[in-house]
Amino acid sequence: LSEEYQQILENLQEWHNKKEPEPECSQAVRRNRQLLAEKGIPYLQFYKVIDFSEHMEEAQASRLEEALLAMGILDALIVPAEYREAVLALDPGVCDRYIFSDAAHVKQSLLEWMDVDAENDILKYQSVSNILSSIGVYKKGMHEDIGNTWIDEKGYYRVGVIEGTISFEYKECYIGVRAREKF
């Protein structure tokens, strides 16, 4: 019983020390985010302010999250447009990916598949929904303008001139509180 009790205490301590899962990032990205905080430049991590729609199946959610990760969008920072010049003029030795809140909208967008987790903050909701509405959703046979950045339901994607595929082996673990808790 003593050994079992000790094991339970160790498991409990391990759970207390666990952090919420975060995508891996380089030291330059970590330094950049610290510098943004020091300079008082507000930002949100993309994956922390969105969630999958309730009707989305688990396999489709995994494909979508893997595509967002491969595209470099999953952990990109959402920054108000008025901070564009300050962010892009940061010190050498730091780097990151940014999505500015003034992105152009497309007709068919990620708003179909995602919900904004804005916690009753209308400004955050508007900023994030503007960004989601700028990433197109491609459906077979579609002829409408979906822009140069899109994802289809299989997880294939385009970012500008680059198109990519996913492994179909990824399991969602960052988007949405449920996925992070499960992970």
Item to check | Complete set of residues in the range 108-163 that are more than 25 Å from R180 (Cβ to Cβ), aliphatic (A, V, I, L, M) and modelled with pLDDT of 85 or more | outcome: none
Checklist entry - Among (1) of a type in the set (A, V, I, L, M, F, W, C); (2) open to solvent by less than 30 Å² (accessible area, probe 1.4 Å); (3) touching a residue at least 60 places away in the same chain (Cβ under 8 Å), which single condition is F168 missing? => result (2)
Next on the checklist: Going by what's in this entry, would S53 be described as out of contact with any strand residue (DSSP E or B) (no Cβ under 7 Å at 6 or more places or on another chain) and open to solvent by less than 90 Å² (accessible area, probe 1.4 Å)?
Outcome noted: no
Checklist outcome for this item: With criteria (1) open to solvent by 30 Å² or more (accessible area, probe 1.4 Å); (2) among the charged types (D, E, K, R); (3) touching a helix residue (DSSP H, G or I) at 6+ places or on another chain (Cβ under 8 Å), R97 comes up short on (3)
Next on the checklist: Residue pairs, Cβ under 6 Å, 6 or more apart or interchain, first in the range 38-49 and in contact (Cβ under 8 Å) with a residue 24 or more places away in the chain and more than 12 Å from V79 (Cβ to Cβ), second surrounded by 13 or more Cβ atoms within 10 Å (Cβ to Cβ) and charged (D, E, K, R). List them.
Outcome noted: V49/D117
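The values are calculated or read from the model by the stated rules, or taken from the named source; none is laboratory data. Just so it is clear, the structure is predicted and the values come from calculations on it, not from any experiment. Don't worry about glycine lacking a Cβ; one is built from the backbone with ideal geometry, like all the others, and counts go over all protein chains shown. Quick note on the areas: whole protein, heavy atoms, side chains included, nothing else; ligands and nucleic acids left out. Shrake-Rupley method; radii C 1.70, N 1.55, O 1.52, S 1.80 Å.
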